[in-house]
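Here's the structure we're looking at; comments come further down.
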Amino acid sequence: MRFVVERRLDPSRTASWTGVVLSVFLALFMGGIVFLAAGANPLKAYWVMASGAFGNFYNLSEVLVKTIPLIFCGLSVAISAKILLWNIGGEGQLAAGGIGSAAVALFLSPHLPSAFVLPTMIVMGFLAGGLWASIPGLLKAKMGVNEILTSLMLNYVAIYWLEHLYFGPWRDPIGMGFPGTAMFPESAWLPRFPQTRVHLGLAFCVLAALILQWIFTRTRWGYEIRVIGENPRAARLAGMNITRYILGVMLVSGGLAGLAGMAEVSGIHYRLQQGLTVGYGYVGIIVAWLSRLHPVGILFVAFFLAGLLVGGDQLQAVMHLPSSVGLVLEGTLLFFILGSDFLSRYRLKLEPKMQVPNSNETNPKSNDRITVI
Amino acid sequence: MDIQSLIFILSIAIQSSTAVLLATVGEIFTEKSGVLNLGVEGMMLMGALSGFAATYYSHNLFLGVLAAMVVGGMLALIHGFFTITLRANQVVCGLALAILGMGLSSFLGRSIIGRVAERVVPLPVCFLEEIPVFGPVLFNQSPFVYFSYLLVPSAWFFLYYSRPGLSLRAVGENPVAADTAGIPVIKIRYLWTMFGGMLAGLGGAYLSLAYTPGWKENMTSGQGWIAIAMVIFALWNPLRAIFGALLFGGVNALQFYFEARQFSLIPSYILRMLPYLFTIAILVVITRWETVRKRTGAPASLGLPFQREDHS
């Protein structure tokens, strides 16, 4: 007997969902091994994480707080991936968006009617992130430079720039050496829901997801993006100006990540300071791929992954284990989900060893099975 | 600039290029076999951590280096299992590996931040070290650096002038033809993916045992990504990888020099951005050059999974 791998003609939905459930369990199992390696009881650790993230009202609201930037960053990765671009510069675009909107709050707000401050910050956050992402976009569209590497390199550049601003020229002059800018005027604060840190950004990111879903399924632009992503040759032959689409998509993609930065500075920190770039841009990649680039799916996946992050923070507070376990679990989960696609695309079968697989079989019954190995 | 400064800059240039060079050569082998592993940053970080941790607990530098290479190779094996056997998307798997390596190294390494362990010290080579300028620059370095002197030419020779090297390239260019010729495609891809991981781990160990001894979160600061960019710059040729790595090291050395001299014309935050901006510039230049010359060293089947049904 030996194993034979067969390709399914129609990806199996059952196998796909089995794969998701299996992946979650496998990821938790691997996480358990990591806990054991760190000398902790895995069951207790998971209990602390779960109750720490979803156990009471305030913790749950903290999960929502982290869901907001994750949704924006997930959407940012998803729209670029639809056109087969790999924008992994979300972290830098988030920083750029934070810088752009902080510039409005710090220097422009005295000259603006207070009702205009927040909208201007939103526009500037979007534009700053979008323009930052346009650099790899332009290099890719005009010269074919690998956008994975350029967008990632710009993360480091943006973060050094951000640090320079709040340590240097933008540092609060009366802050007694505190590494951060002055606090924004209240007109630049996103309103919060009572008794929580959940801010209006939540509504914006849900809206952004719905708009993106509408763009992908109902608009010509979204359709053309998908055509280019799925078959660039056909798109070129159909006379589409791919350069323009790449630039447009990168602008929107970076803009969405920039909005994550805007929401963080204007909804949480109220200033530029350390702790703005804590890896949401990278987790956004995981969010997008776990939800298979589906904008509405991103809402739920982002909530779940934010739960892992908050659970990790609680783990640090209660059991003194580093909070980065959240990132470990998320990375592992992504691996297993990617691997589990194999289950929905192929099936494993035991076959007698002597039988020589014949791939040119014309038996109509086996038309949907092609023997692979 | 006097001769001492020149020696200082050149010597630092070599030191700060070594980790990138090791990882670049490893990734060249991986990519030449048709597997794209974007997880170099994660493998380097885990290599740096395990190299330092093993040395710290065993007080044995050889064990440290060995641990770093084993861990790097194992992480690459995970990537290989998911991309070669399960045929998952290589780009996303590589990103997952990079993120996993960042998270895992930060989780496991928390307790040994700031500890001090044995370190690999520079080992002057007698006679050679006394050659003016070149001696102190090239031959008063750590054994890691000498290893890279040996590695690069042998890697180049192996790739282009040996039978196994030919098989390796065949698998990356045209796995179907290689398979027909009886070359074990899957086995070769696994082998060189793991080799790439081992060199990335070694590069990490160089950082934590010799270059900046000790463990610090995210201490590779993007060198794994820079190594991937240098693979493109090198057009997948180990010999050309020297130039890429040295240019990167040179930018780093200038940054050290300016900071040591309190050279205030260029602010320090711009200096710190330079290696990354420089990497982008180098990518632009090489992509332009490739377009003009209409040639590239990229293996034709890079990033594509191999399955026999494709040609049956």
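For the residues of A:87-95, the average number of beta carbons from a partner chain within 10 Å of their own beta carbon is 1.
Rg over Rh for the protein assembly as shown works out to 0.97, using Cα positions for both radii and the Kirkwood form for Rh.
Okay, helix-only estimate at 222 nm for chain A: each DSSP H run of n ≥ 4 adds -39500 (n - 2.57), divide by all residues, round to 500 deg cm²/dmol; what do you get? Can you show the working numbers first?
Working: 13 runs with 244 residues, N = 373.
So the helix-based figure for chain A works out to -22500 deg cm²/dmol.
If you plug the beta carbon distance of A:Ala37 and A:Val278 into 1/(1 + (r/R0)^6) with R0 = 22 Å, you get a FRET efficiency near 0.35.
Local charge for B:Ser162 was computed over the other residues whose Cβ lies under 14 Å away, with Lys and Arg +1 and Asp and Glu -1, and equals +3.
To the nearest ten degrees, helix A:13-37 and the longest principal axis of the Cα atoms of chain A are 60 degrees apart.
Summary of packing: across the peptides B:228-239, A:183-194, the per-residue average of other C-beta atoms within 10 Å ranks them, highest first, as B:228-239, A:183-194.
Membrane-span-like helices in chain B, defined purely by DSSP H runs whose alpha carbon atoms cover 20 Å or more axially and whose average Kyte-Doolittle hydropathy reaches -1.0, are B:3-32, B:40-58, B:61-80, B:90-109, B:143-161, B:185-206, B:238-260, B:268-293. Considering only B:Trp156, B:Asn252, A:Ala15, the residue lying farthest towards the positive end of the dipole of the protein assembly as shown is A:Ala15, judged by Cα position with unit charges set on Cβ.
Averaged over the residues of peptide A:162-169, the number of Cβ atoms from other protein chains lying within 10 Å of each residue's Cβ is 2.
Once you treat every alpha carbon in chain B as an equal point and sum by Debye, what is log10 I(q)/I(0) at q = 0.14, 0.16 Å⁻¹? Calculated log10 I(q)/I(0) at the listed q: -1.07, -1.34. Taking other Cβ atoms within 10 Å as a rough exposure proxy, B:Ser142, B:Ser5 sort from fewest to most as B:Ser5, B:Ser142.
Please give the net charge around A:Ile135, taking every other residue with its beta carbon less than 15 angstrom from that of A:Ile135, where Lys and Arg add +1 and Asp and Glu add -1. Don't jump to the answer; show the numbers that get you there.
Details: positive: A:Lys140, A:Lys142; negative: A:Glu91, A:Glu147.
With Lys, Arg at +1 and Asp, Glu at -1, the net is 0.
I'd like the orientation of helix A:147-167 relative to chain A: the angle between its Cα long axis and the longest Cα principal axis, in ° from 0 to 90, rounded to 10. The angle comes out near 20 degrees. Scattering from the C-alpha atoms of the range A:111-228 alone, worked out with Debye: what is log10 I(q)/I(0) at q = 0.11, 0.18, 0.19, 0.21 1/Å? Computed log10 I(q)/I(0) values: -0.62, -1.26, -1.28, -1.30.
Determine the relative contact order of the range A:69-294: mean sequence separation of Cα pairs under 8 Å and six or more apart, normalised by residue count, in whole percent. Don't skip to the end; give the middle numbers.
Values: 419 pairs, mean separation 100.8, N = 226.
Relative contact order, the range A:69-294: 45 percent.
Per-residue extension of 0.36 nm, minus the Cα-Cα distance of B:Ser111 and B:Lys216, leaves a gain of 36.7 nm for this segment. Over the range A:69-294, the fraction of Cα-Cα pairs per 10 Å bin, rounded to whole percents and listed from the shortest bin up, is 9, 34, 34, 17, 6, 1, 0.
Report, please, the projected area of the range B:143-189 averaged over directions, based on the convex hull of its C-alpha atoms, in nm².
Numbers: hull surface 14.7 nm².
Over every viewing direction, the Cα hull of the range B:143-189 projects on average to 3.7 nm².
Compared with the dominant principal axis of the Cα atoms in chain A, helix A:242-264 is inclined by about 60°.
Legend: residue pairs B:Lys32/B:Lys187; A:Lys82/B:Lys187; A:Lys82/A:Lys140, Cα-Cα distance threshold 24 Å; pairs beyond threshold, A:Lys82/B:Lys187. Each listed q (0.19, 0.30 Å⁻¹) maps to a log10 I(q)/I(0) for the range A:295-338 from the Debye sum over equal C-alpha point scatterers, namely -0.60, -0.99. Shape analysis of the range B:183-312 places it in the oblate category; the axes a ≥ b ≥ c from the Cα gyration tensor give an a/c of at least 1.5, with a/b not above b/c. Can you give the translational diffusion coefficient of the range A:20-157 in µm²/s, computed by Stokes-Einstein from the Kirkwood radius over Cα pairs at 37 °C and 0.692 mPa s? The diffusion coefficient I find is 180 µm²/s.
Each 10 Å bin from zero up to the one holding the largest Cα-Cα distance in the range B:30-175 carries the following percent of pairs: 11, 27, 31, 23, 7, 0.
A crude spin-label estimate for the pair A:Phe54 and A:Ala238, with each label 7 Å from Cα along the Cβ direction, gives 4.1 nm.
Coordinate-derived values only; no laboratory data. A quick note: this is a predicted structure, and the numbers were derived from the prediction, not measured. No Cβ is skipped: glycine too gets one built from the backbone with ideal geometry, and neighbour counts run over all protein chains shown.
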